[in-house]
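The values are calculated or read from the model by the stated rules, or taken from the named source; none is laboratory data. Given the structure is predicted, the values throughout are model-derived calculations rather than measurements. No Cβ is skipped: glycine too gets one built from the backbone with ideal geometry, and neighbour counts run over all protein chains shown. We work out accessible area using only protein heavy atoms, side chains counted, and drop any ligands, DNA or RNA first. Shrake-Rupley method; radii C 1.70, N 1.55, O 1.52, S 1.80 Å.
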Amino acid sequence: MNKFTLKKKFLSTLLLLIITFVNSSCVELENIRKFTENAAAVSEKFPELSGDIYGSCVRRYRYVFIELVNFRPDLMQKIDNLSEVENLDGYPTVGIPRDSSGLSIIQHELKCREFKKSHKAAMLINKALVDYLKTLGELAANDLTSYDKSLDQLGTSVTSIGVFEEKHINAGKGLAGFILNAATEFWRRKKLKSAIEQRDKDVSTVSVVLKKYIAEEYVRMLNIEKEQMDGFYTELIRNYQAQPNVNQLTVLMFKNEWDAKTTQLKDKIEAAQAYGKIMENVIAGHHKLYEFRESLNSKEVRQMALQYAKNIGDLIGTFRKAFK
Amino acid sequence: MAQTELTQAQAQQLADEYLELAKAIRKYRDENFNTLSEEERKRLRNFINQMLNEATDFTQRSIVLLLSSAETKEAVGNIVKTTKNLKAAIKTLEGINKILKVAAAAIDLAIAVASGNPVSIVKAIEEAISTANS
């Protein structure tokens, strides 16, 4: 074999390797995009979960005070409307007694409003995570390093000058595309690797905080609400049944209302727990990317990213049930 | 003795314990309802509400400590910084596409000028400006 043939063979192999590298890396980075896209989509449901912590607090004190005012309709209306009032100064609370801790209904509402402040802080933390995941996904998207259309446009323009032959332009366009794709793919992966490497611990910290906030704190609030609600309906039905001339339809109505609210709370608790599992998937998925950061185009990463994307996708249905 | 600050884990534990206490009192009250005096029933009901108030308060404290910890703030700051860098990288990649498009528009403009056709020149200028601004 002469020197020229060897050189030609070497160049063909190199070209083949470049083609394989460029084409395969596109597909595999696309799977990273799927993972981050699903994770970010779920995080967009976060405001509903976080905002309901205040809602749960309000629903709980309403049970306390409705019982205290002995179901008087005019006072019940005042209790229901309180959370809608921005400025509580001068809100009429005559006839609404303090609770057994000595707290007025206004004090309860003000305490609940502290959860609104926490909600705002939590929203900022969630936004940081969503933005990061989305941007990571955008950088992993194939269309960013696909220059085919732009090169076609450039090729058409060059052809119309009439200086070069079309076949030469097409050949040059193809080669330019390869070089450009290879160079930018390499650069893109370097950027992805660097971000994943630097932020793995931070993604874990933030995801754990959001997981605890929803799957532990919010779930506890819902359980506190459930405890208050169960006590409320037990008393309501017991007191009603102690009266003369009990209407069984009314009892059934109370029980149905209680059941419906129990189901609502159960769905919310399941959604919050699903959110916690999703955050676990975000932590584990990101950490796997970190572990395989040197080979983001490997088969392991492709399968793993798809698996985490699927896990997260499967949990989305649980949200839809609770927050339609 | 020096007073120590409540940690997030402690606040969380207290909230859980107050909730469990409320549940236990309600269970006892329900199971012994017929043997309890009216006064005892009322007192136990009040205890339950107080326990649930405490559980809510400690949940609030736990949330504040969780969201405002120095570790959380630092992690959020780092993530925001990296996101900015990633966005800049995306802009760079988008820029390459734009350069290719602008180059094509510039060639079309040169051809139009060479042809001397005013209609083609105006159209090519418009396209070149629109590509450069996109």
**Pairwise label distance in nanometres, residue A:277 with residue A:253, each label 7 Å out on the Cα-Cβ vector** = 3.9
**Request:** Take a quick pass over the stretch A:192-286 and tell me how many lysine pairs come in under 12 angstrom between Cα atoms, counting only ones 8 or more apart or on separate chains.
**Result:** 5
**Message:** Could you work out what % of the accessible surface of the stretch A:227-324 is carbon and sulfur, using a 1.4 angstrom probe and leaving DNA, RNA and ligands out of the count?
**Reply:** 51
**Asked** How big is D for the stretch B:19-93, in µm² s⁻¹ as a whole number, if Stokes-Einstein is applied with the Kirkwood radius of its Cα pairs at 10 °C and 1.306 mPa s?
**Response** 97
**Message:** For a quick check of your reading of the filter: which trypsin sites (Lys or Arg not before Pro) in the stretch A:52-120 sit in a DSSP loop and have no more than 16 other Cβ atoms within 10 Å?
**Reply:** A:98
**Request:** Round to the nearest 10 and report in Å² the accessible area of residue B:40, as given by a 1.4 Å probe over the protein chains' heavy atoms.
**Result:** 90
**Prompt:** For the residue pair residue B:123 and residue B:87, what label-to-label distance in nm results when each label sits 7 Å from Cα along the Cα-to-beta-carbon direction?
**Reply:** 3.9
**Prompt:** In 5 Å bins starting at 0, how do the alpha-carbon pair distances of the stretch A:186-314 split up by percent?
**Reply:** 2, 10, 13, 13, 12, 9, 8, 7, 6, 5, 5, 4, 3, 2, 1, 0, 0
**Fill in**
Straight-line reach check, residue B:87, cutoff 19 Å on alpha carbons, 8 or more apart in-chain or any other chain, hits among aspartates and glutamates -> A:30, A:37, A:131, A:138, A:143, A:185, A:197, A:200, A:202
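As an exercise, use a Förster radius of 41 Å and the Cβ-Cβ distance of residue A:287 and residue A:76 to find the FRET efficiency, rounded to the nearest 0.05.
Efficiency computed from Cβ-Cβ geometry: 0.20.
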**Message:** Heavy atoms of the protein only, probe of 1.4 Å, neighbouring chains included. What is the accessible area of residue A:236 in Å², nearest 10?
**Reply:** 20
**Asked** Taking a probe of 1.4 angstrom, what is the accessible area of residue A:191 in Å², to the nearest 10?
**Response** 80
**Message:** Probe radius 1.4 Å, ligands and nucleic acids left out: which of B:25, A:224 has the largest accessible area, and how do the rest follow?
**Reply:** B:25, A:224
